[in-house]
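Laboratory data are not the source of any read-out in this text; all were calculated from the coordinates shown. Note that the structure is predicted; figures quoted are calculated from it, not measured. No Cβ is skipped: glycine too gets one built from the backbone with ideal geometry, and neighbour counts run over all protein chains shown.
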Amino acid sequence: QAQLHDFPQPPSGSPRHPLEQAMGRKGAASKPSPKHSPAVVAAASPPPPPEPPAALTKALLAFHDSVSPGDRHGPIEGHPESADRVSASVARLRGNREVWRALRKLPPRRATDSELQLCHDESHITGLQRLAQLSGEDGKARFVPASGPVCMGGPCCEVREGTGNSDTYVTSGSIEAARLSVGGLLNMVDNVMGGCSSSSHCGLALCRPPGHHASRNRSSGFCLFNNVAVAASYALDRYPEVSRVMIFDWDVHHGQGTQHIFEHSSDVLVINAHRHDGHSFYPATGGSSEVGLGPGRGYNINVALPQGYGGAALWSVCASVVVPAARSFRPDLIVVSAGFDAALGDPLGGCAVPPQAFGALTAELRALASEVAGGRLLMALEGGYHLEVLPDCVEEVARALVQDLDIEGGADPFAEPPAWLEGSLCMGAIRRACEAHHALALKLPLPASKAERRQKTAVGVVAAPPQEQGKSNGAAQMSPCAAASPDDSTIAKLDEVQAVATPAVSALPSSPSSSLEGGDSSSQPPPKEDAGPAQSGSHGPSGGKHRSRRKKAHHTNGSTAAAAVAPNGDDEPGPELADLGAAVDVPHPPPQVFAGHASLELSPSELVVRLSPVQRPKDILVSSEELWIWPGDEVGSEEPRKWRFQGVCADPSGTLRCVEFRRRKREITVRLSLGPILGGAVGLVPISA
């Protein structure tokens, strides 16, 4: 049996880690550009006024100032995740005396081992503590492995250290700082649940280090322990009145750690709205087809937004996904993973959300929490690495938490967007998420498709999406159907703003020679206009946490492999592939369910998939996340059978090594190059209707 420490590091073509993107050269510390990380100049300020009585405060604030090496996380020169993030945010809040006085500051609280073990393996906690001890002995920072767990467990408790491509560091005080980060949020849970005689039902925790990338046995993406996951599990475990918790993650990076922890649970609803560029943006997970597993199927929602999305897209996500999901789920507590790296100017996000938009979202989420969760709303800091933009975002959120909430006006949450919101509504990405959950537990309603909106516009009917209902004329520029007349400019605007592909099935090549690279260039899809940096391999300020490159899938006819490219960077390879032959104009029914035996095996360098009993396959399609097999006589006559890799990815830059079919046993063996290990259980999950 292969050991995890025998697995290779991700190849050079695999997604880059956050530190590599933010720092000058791979694996080396260099000073960040002043353009990306403005210096914070400490200014002398008068002593703060005395704190008002708790009865006069309107919201809670939890943060921890690292004043001693024993609880100080870092510093690492040139690393974007620094203590300046919290200190700059606190300084901004102190400068706003009205907001500062309305916040009740909670004392520091340290999370215990038993509380951390609600979401993390004991061996994982032990491994991180061992790395902190090693750092304290020689004064050098340690990095956690880029793939696999920190600690192998067992009697020897073997600890693994990361190499040059690792991004998440541990210093002597990091674990204590992480315990205080989790503990501050747990302290807030106790207060909003009434355990500390508090009248406040909402609060903001400036958690550092962040947490939403940390899974049960792995730390990554600057995160050591998962703050919001432990808080949700703590509320469910300690308070009988809490039976359901909703986590909404608006960080620009997908919170794969939170998803993995709760993907088998129906008690926690996880909603992620994040940038998803296929495999060119960290962490390269969070496609709309990832809906949860087992009893948790239907309780994991991913809205995969394109690069450069703005505040209008997040508002649309809340109006079309978060509100109906919350009303169906009826949580007792709402926790928001409030990352601000989607803000305009952030060096890692590459998006354009203005700071004011986060305040507007928070105000509407308060109204939603009052409707479904007794007003209980907690905000936990995740990302946000521009030291001038981040304090703006934190101040806007804090102001929204302490302002008076008008719940008697009768308006639904997110019913009327502000007129100043800009950018595409990204209704295509929202519709894909709703389609994935339309027939599942929450039964999300479907927004109108682009074809439906164009058809209604052509007959002179204004078809506004749900978040556009009741909007004033002053905000009409947000509507994708702003004019009722079917003129060319209106249709062109629909194509520009709501660029979503209509599902279709393309025939696969009848011979290996008809690959995308070697076929007729007229059948290739046109390049995306907004994907210039993503295809050039050079990111700059909007580059994200990974090296940009095109997502590849591997197609084979019999035993010969040919490469095909998914043009839209989507994680569903079939309908989005380029036309490799004659198009088959047929509807796209649900995938078939495989009733046989399917297994996924790991070796130090490859994934081995075994399926039986099956017919001799005519075609196979493999992406880094999914495997599709056509067993029929002709491509297009049968729908493929589909599986998703769990806990591990195939190497998208590698090759489909070989396909073996044993006729007597009716068994097929597919060997793939091994990609990044995501953590958690490893297996092959069928994708059914």
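Some points to look at:
- 5 angstrom amide H check on Leu204, placed H, neighbours 5+ away: Leu60, Leu61, Ala62, Met379
- Label-to-label distance, Ser599 versus Thr126, with points set 7 angstrom from Cα along the beta-carbon direction: 3.0 nm.
- Whole-angstrom gap from segment 90-147 to segment 373-437, using each part's C-alpha centre: 26
- Theoretical FRET efficiency, 1/(1+(r/R0)^6), r = Cβ-Cβ of Ser114 and Ser612, R0 35 Å, to 0.05: 0.20
- Diffusion constant of segment 277-397 at 10 °C, which comes from Stokes-Einstein with the Kirkwood Cα-pair radius and 1.306 mPa s, µm²/s: 103
- Using R0 = 25 Å, the C-beta based FRET efficiency linking Glu371 and Ser266 works out to 0.70.
- Between segment 295-365 and segment 219-244, the C-alpha centres lie 19 angstrom from each other.
- Greater than 24 Å apart at Cα, pairs in Lys642/Lys665; Lys618/Lys665; Lys456/Lys642: Lys456/Lys642
- Estimated FRET transfer efficiency when R0 is 45 angstrom, pair His438-Arg664 (beta carbons, to 0.05): 0.60
- A protection proxy built from the mean count of other Cβ atoms within 10 Å ranks the segments 84-91, 58-65, 603-610, most packed first, as 58-65, 84-91, 603-610.
- Per-residue HN-Hα couplings for segment 99-113 [Karplus 6.51, -1.76, 1.60; θ = phi - 60°; Hz; x = Gly/Pro]: 5, 4, 6, 7, 9, 8, 7, 8, x, x, 9, 9, 6, 8, 4
- Value of D in µm² per second that Stokes-Einstein yields for segment 333-413, Kirkwood Rh from Cα pairs, at 20 °C (1.002 mPa s): 164
- The simple spin-label model puts a point 7 Å past each Cα toward its Cβ; for Ala83 and Leu446 those points are separated by 5.4 nm.
- Amide proton proximity set for Phe340, modelled H, under 5 Å, gap of 5+: Glu382, Gly383, Gly384
- A simple spin-label model places the labels of Arg97 and Arg327 4.4 nm from each other, with each point 7 Å out along Cα-to-Cβ.
- For Val170, the residues whose amide H sits under 5 Å from its own are Arg142, Phe143, Val144, ignoring neighbours fewer than 5 places away on the same chain, with H placed 1.01 Å from N.
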